[in-house]
Amino acid sequence: MTGYKVKVSVELVECNESISDSPTKQQDGSFNMVISEKDAVSIDKCEKTILQTAYPTIRSALSEHLTGVSQKKAGEMSEAGEQVIQNSCPYKVDGEAGRFAFFTHSILKGADVRYNTGQDVFSCLHGKEYYRTTGFKEIALIYGDTEESYRKTTRLINRIRYQEKDGTPSRTLHEATEREGTALLEHITKKSEQILSRHGFEETGIYQEENPEYTQSVPVFLDQEKIDDAVSLCTEVCGFSDGYIDNPIGYEDPSETINIAVDDVNVKDRKITEFRGRKEPRIQGNTHITQSLVFLTTGQNMS
């Protein structure tokens, strides 16, 4: 099976050429940048120059490779009498390495397009749309605009990619983030509906079948011994009145019961690391029993 070898070579060699402020592309496809002898002994200057030269090289290599792959795929799919042409509009990519473009190809059978690598090999784009790589989404969405503003995020990622002039605009990132979020919500909604339907629930959430596991109406409570242990642990340092201890509502077993509720506090995780020399187990969730146990161990009403 044919593979592709990725070769990377970075060299800093002495030369007598003129000093340059930006990388220039050579005839062999590589990029060069010449720095002064003074900058050559500076760690900061060397690092910046190498990265400033590397990113254009990476983008150029990706563009040339993907153009070649497109042409090869079209050639493999073409038949006798058909023509392979290069599409006029470049295929645009916004990636972790920066923004770049490459050319896709079509197979013409007479005047009709029978095959188009811009749709049949790569994801179909519309208008001025860019294909956004998973690496771009990770740095721009997960670590980017979910933490900072769109403007700050675009300034950061364009600086990291050494593409401050032709990088991603903040408005474009805003629109892309909104579309990504909408698509994710639609996927979650569709997946939830499929799960409910597969287990016999209507769209309204009403169960229509007769599985006894879903029709259990009698709550399962914790053993009194476990409740007494929790009360005993708390009363060593907290003073509870009899009204609090004699709780008329039972504490349901979280391994058997799930009562989902949303409150103003939205407790997700409570953990007491040390409590009179004993490590307290982690308490998670917003279920009824979890809120009850949080009350026992902290003395605060979380309902």
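FYI, it's all coordinate maths here, none of it is from the lab. No experiment lies behind these values; they were computed from the predicted model shown. A quick note on method: Cβ atoms are made from the backbone with ideal geometry, for glycine too, and the neighbour counts reach across all protein chains shown.
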Tensor-based shape of region 90-246 (alpha-carbon gyration tensor, a/c under 1.5 rounded, otherwise prolate or oblate): oblate
For region 14-166: rounded, prolate or oblate by the Cα gyration tensor [a/c cutoff 1.5]: oblate
When a/c is below 1.5 the answer is rounded, else prolate if a/b is larger than b/c, else oblate, so apply that to region 47-132 with a ≥ b ≥ c taken from the square roots of the Cα gyration tensor eigenvalues. prolate
When ranked by the protection proxy of mean other Cβ atoms within 10 Å per residue, highest first, what sequence do the peptides 128-135, 1-8, 193-200 form? 128-135, 193-200, 1-8
Alpha-carbon centroid distance for the pair region 34-92 / region 123-194, whole angstrom: 22 Å
Past 26 Å, Cα to Cα, is the threshold; run K5/K152; K5/K92; K25/K137; K7/K128; K5/K73; K5/K109 against it and keep the listed order. K5/K152; K25/K137; K7/K128; K5/K109
Residues other than R155 with Cβ under 10 Å of its Cβ, Lys/Arg counted +1 and Asp/Glu -1, net out at +1
Distance between modelled label sites at I19 and L185, nm, 7 Å Cα→Cβ extension: 5.4 nm
In the neighborhood of E180, defined by Cβ-to-Cβ distances under 14 Å, what is the net charge if each Lys or Arg adds +1 and each Asp or Glu adds -1? -4
So for region 101-160, considering every pair of alpha-carbon atoms, how many percent are separated by more than 16 Å? 60 percent
